[in-house]
1. How many of the residues making up region A:85-95 are surrounded by 10 or more Cβ atoms within 10 Å (Cβ to Cβ) and of a type in the set (Ser, Thr, Tyr)?
2. Scan region A:51-84 for residues that are exposed (fewer than 15 other Cβ atoms within 10 Å of the Cβ) and either over 21 Å from B:Ala21 (Cβ atoms) or among the aromatic types (Phe, Trp, Tyr) (or both) and report the count.
3. Cβ contacts < 6 Å: first residue modelled with pLDDT of 95 or more, restricted to region A:16-34; second residue of a type in the set (D, E, K, R), any location; separation 6+ or different chain. Result?
4. Having 3 or more residues that are farther than 20 Å from B:Leu52 by Cβ and either polar (S, T, N, Q) or at the interface with chain B (Cβ under 10 Å from one of its Cβ atoms) (or both) is the bar; report the strands (runs of 3 or more DSSP E) wholly within region A:1-114 that clear it.
5. Among the residues of region A:16-50, count how many are over 21 Å from A:Ile106 (Cβ atoms) and exposed (fewer than 14 other Cβ atoms within 10 Å of the Cβ).
6. Output the number of residues of region A:66-94 satisfying the condition of being of a type in the set (D, E, K, R) and in contact with a helix residue (DSSP H, G or I) (Cβ under 8 Å, 6 or more places away or on another chain).
7. Within region A:58-71, is even one residue within 16 Å of the chain's Cα centre (by Cα) and polar (S, T, N, Q)?
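The values are calculated or read from the model by the stated rules, or taken from the named source; none is laboratory data. These numbers were taken from a predicted model, which means no experiment stands behind them. Cβ placement follows ideal geometry from the backbone for every residue including glycine, while neighbour counts extend to all protein chains displayed.
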Amino acid sequence: MMRQQFDRDIRSLDAVFSFLHRFAEEEQLDARASYVLDLAVEEFFTNIVKYGRGTSSDVFLEAVRSGGTATVRLEEQTSVPFDVTRATQTQFDVPFAERKPGGLGIHIAREMLDGLAYEYVDGKSRITLTKHLET
Amino acid sequence: MFSISVNEKGTVVLTGRLDAAQVDRAREIFSGLDDSAVVDFQDLDYISSAGLGILLATQQRLKKGGKAIKLVHMNRMVRDVFKIARFDLIFEIE
């Protein structure tokens with residue numbers, strides 16, 4: 001398992017991607033799984049940075065491959081839980097001119113991942129992403 | 001690494017990875033567009049919702065004046081992202 005700590009800052013994104021690419025290389029993930037994990041982690045990491053939720057603590061990433069599944073977990077200390085699995089759905093039935101990008105990232109992540117789970121335990125938020133690998 | 005440029009034909013050329021940390025550079029170019037244009041994705045390896053947001057805002061602004069951007073040469077993964085976002089209904093994609 002790989003684990004790394006990141007500053008809660010958008011400028012950490014490059015380091016986040018480096019971590020994910022090292023994981024993809026070491027565990028020989030296929031290109032699609034690697035893309036999907038990049039995209040999903042970016043969405044949730046930037047949400048954590050943007051919406052701070054009452055803390056400036058660092059964000060931890062863990063990544064592990066078990067058989068045909070890759071799992072990445074984002075963990076942060078926060079006093080305000082936010083269950084990403086219950087986030088507002090993107091509205092696709094509005095006219096083009098009124099369409100807004102809000103919620104789009106979470107929608108794409110949900111659609112491309114094979115699993116998305118949230119838990120809040122002992123003041124820590126944990127978002128767990130899973131992606132089945134191509135054989 | 002991400003770069004954006006406009007070539008001699010007026011085509012906007014995207015290269016590398018367009019993520020949330022790079023959107024300001026993309027916004028700078030797209031906000032300057034005031035006519036229909038082609039956006040070349042040939043060398044774009046990655047785009048997330050941050051980049052999609054810039055493209056959506058640009059298309060909405062241009063459409064008000066009867067203009068539009070057309071997207072060309074997307075790789076398969078990027079195209080899948082556009083389909084899931086239902087952006088294939090908003091943009092002409094070649």
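1. Looking only at that region, the number is 2.
2. Matching residues across region A:51-84 total 11.
3. Going by the 6 Å Cβ cut-off, the qualifying pairs are A:Leu20/A:Asp38; A:Glu27/A:Arg65; A:Asp30/A:Glu134; A:Ala33/A:Lys131.
4. Because the criterion is at least 3 residues that are farther than 20 Å from B:Leu52 by Cβ and either polar (S, T, N, Q) or at the interface with chain B (Cβ under 10 Å from one of its Cβ atoms) (or both), the strands (runs of 3 or more DSSP E) in region A:1-114 that meet it are A:69-77.
5. Number satisfying all stated conditions: 6.
6. Number satisfying all stated conditions: 1.
7. yes
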